[in-house]
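Take a look at the structure below.
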Amino acid sequence: MKTLLSVLLYFISFTVVAQKTDSTHTHYRYVRGGFIEHSTELKSQRGIKNGIATILAGKKKFATGIYKNNERIGRWHFFCPLDTLEQIYNYSTKKLEYNVPIKEITYEIDSLKEGDKVSYPAKIGGNLYGMYFLTERFRIPSELKHIKGFHKLNYIFTVSNSGQLLNYEVKIISPSYNKTEIIDLAKFHPDDLAFVPAKVNGRAVKSKLIVNGDVTVD
């Protein structure tokens, strides 16, 4: 009886594995910016992602999560270098569950009063992966390359109370240079324009998210 039971258990296990292997396959596709997404598809629905997905650049992991019928669902984890967790965003509840503060990012929200409870806006996908597709569009003006010195650089994102990017401008400011460039939002993928809105006392509000940097010309 023991032998028969073992054979039956082995047969059941083999059937389950075979069925899973039969119904899905891993698909690799290039994402903009040199990222590669490894995702699961049903063999009966080619091109429709279902199951676990991982986004990599080389050997570095930038995101992991799950697709259902080609849509992201549940918790997606976004990473900094060295696999450090940067953000958790829940696509099913549309809520930001974890977000590492970045000292180079500041915020502007109108009409704040003392005692207000504030949650700040955030780029869905994190400041390394999600923000990359926005900042990589900007190119340093050619004339700046001939103006030596330290120049303050600000990427300014105006975010609506629904989390949609309304305006994107880049300012470069120094004693010898001052220029603002408006970036055309029509050039971007819809995912690039998706943010988590700021909230004041639980109410979503319009805000600005500012990434602060600098340009040094020797």
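Just to be sure, is L128 over 10 Å from the mean Cα position of the chain (by Cα), within 24 Å of G34 (Cα to Cα) and not in a strand (DSSP E or B)? So that I can check it myself, show each step before the final result.
Details: over 10 Å from the mean Cα position of the chain (by Cα): no; within 24 Å of G34 (Cα to Cα): yes; not in a strand (DSSP E or B): yes.
The answer is no for L128.
Quickly run through segment 163-200 and pick out the residues that are hydrophobic (A, V, I, L, M, F, W, C) and in contact (Cβ under 8 Å) with a residue 24 or more places away in the chain.
Here is the first cut: in segment 163-200, the residues hydrophobic (A, V, I, L, M, F, W, C) are 165-166, 170, 172-173, 182-183, 185-186, 188, 193-196, 198, 200.
Within segment 163-200, L165, L166, V170, I172, I183, F188, L193, A194, F195, V196, A198, V200 qualify.
Among the listed residues P197, P121, which satisfies the condition of being under 25 Å from Y89 (Cβ atoms) and open to solvent by less than 20 Å² (accessible area, probe 1.4 Å)?
Numbers: P197 fails: open to solvent by less than 20 Å² (accessible area, probe 1.4 Å).
So the residue among P197, P121 that is under 25 Å from Y89 (Cβ atoms) and open to solvent by less than 20 Å² (accessible area, probe 1.4 Å) is P121.
Which pairs turn up if I take residues in segment 106-118 that are closer than 23 Å to L96 by Cβ and look for partners that are part of a loop (DSSP other than H, G, I, E, B) and open to solvent by 100 Å² or more (accessible area, probe 1.4 Å) with beta carbon separation below 9 Å, at least 6 apart in sequence or on another chain?
Note: pairs meeting the criteria are Y107/Y120; I109/Y120; I109/K206; D110/K206.
Look at G34 and say whether it is modelled with pLDDT of 95 or more and either exposed (fewer than 13 other Cβ atoms within 10 Å of the Cβ) or out of contact with any Asp or Glu (no Cβ under 8 Å at 6 or more places or on another chain) (or both). Break it down into steps so the answer makes sense when it comes.
On the way: modelled with pLDDT of 95 or more: no; either exposed (fewer than 13 other Cβ atoms within 10 Å of the Cβ) or out of contact with any Asp or Glu (no Cβ under 8 Å at 6 or more places or on another chain) (or both): yes.
Judged against the criteria, G34 is not a match.
Inside segment 144-200, counting only strands (runs of 3 or more DSSP E) that do not spill past its ends, which hold 2 or more residues that are closer than 19 Å to G213 by Cβ and in contact with an Asp or Glu (Cβ under 8 Å, 6 or more places away or on another chain)?
Numbers: elements: 149-159, 165-174, 177-182, 198-200.
Because the criterion is at least 2 residues that are closer than 19 Å to G213 by Cβ and in contact with an Asp or Glu (Cβ under 8 Å, 6 or more places away or on another chain), the strands (runs of 3 or more DSSP E) in segment 144-200 that meet it are 149-159, 165-174, 177-182.
Of the conditions (1) touching a Lys or Arg at 6+ places or on another chain (Cβ under 8 Å); (2) aliphatic (A, V, I, L, M); (3) without any contact (Cβ under 8 Å) to a residue 60 or more places away in the chain, V100 clears all except one; give me its number.
Exception for V100: condition (1).
The values are calculated or read from the model by the stated rules, or taken from the named source; none is laboratory data. Computed from a predicted structure; not experimentally measured. When we count neighbours, we look across all protein chains shown, and the Cβ atoms used for this are built from the backbone with ideal geometry, even at glycine. Note: accessible area is taken over every heavy atom of the protein model, side chains too, but ligands, DNA and RNA are not part of it. Shrake-Rupley method; radii C 1.70, N 1.55, O 1.52, S 1.80 Å.
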